[in-house]
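Only the coordinates and a few stated rules stand behind these numbers; no lab work does. This one's a predicted model, so the numbers in the text were calculated from it and none came from an experiment. No Cβ is skipped: glycine too gets one built from the backbone with ideal geometry, and neighbour counts run over all protein chains shown.
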Amino acid sequence: MMNEYCFKLNLNLEPLRQDVDINTLPKERWNLIPIDLINPELINFLKTKEVSISVISSFYDGGTNFDQNIHIDAPSMCDMTKLIWVWGQHHIMNWYLPEDQNNCNFSVDSNSTNPDHGIRNYSSYDRQTVKVVHTSKIGFPSLIQVGIPHKGINFAGVRRSLTVILNDLNNNIIPMNRAKSIFESYIETLFRESTD
């Protein structure tokens, strides 16, 4: 089965400025990161691809066997791509599809303020209403699909990640097929492991 959820990039650019260490960012589950902490070379590279950064977030999973809830990074299912860097050795990400599109239990959490886009919309899914369609370890960095149900699982140690929502120059969210086209010459490995 062709993977449409995760693509490792051969992109040798650190996401943060040289003087910023990922371990100095807040040890909270989710944090907004100001753009002035991002590597200017990365920003310039994305500009050459006609890509802008809209929202930058860091995530901290500090416990062994930390298991996120199943969620999408929007109020409803859509096609949305993030560029992600993950630090840590013992983690995977699962992607899911609802068993029944018309009867899927999810809730929208709009409690977190996002200065760039108003409210951080986030929808959680009950495990009983979705099925796993793909599992993969995340490369450094990777393009990932975040508009369908997914979750990270950390088996041991600390897992930190930094994600960037990719927009075009008109501030439209870039869907996965467009992202694959933009970064085609940097796609290193198509992760083809899938779970039915």
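Which entries in the list Lys49/Lys131; Lys47/Lys137; Lys47/Lys82 go over 26 Å, if you measure between the two C-alpha atoms of each? In this structure, Lys49/Lys131; Lys47/Lys137 exceed 26 Å between Cα atoms.
Annotation: Cα Rg of the range 1-88 relative to the compact-globule expectation 2.2 N^0.38 Å equals 1.21.
Here the residues Trp95, Trp30, ranked from fewest to most Cβ neighbours within 10 Å of their Cβ, fall in the order Trp30, Trp95.
Footprinting exposure proxy ranking of Cys78, Cys6, fewest other C-beta atoms within 10 angstrom first, gives Cys78, Cys6.
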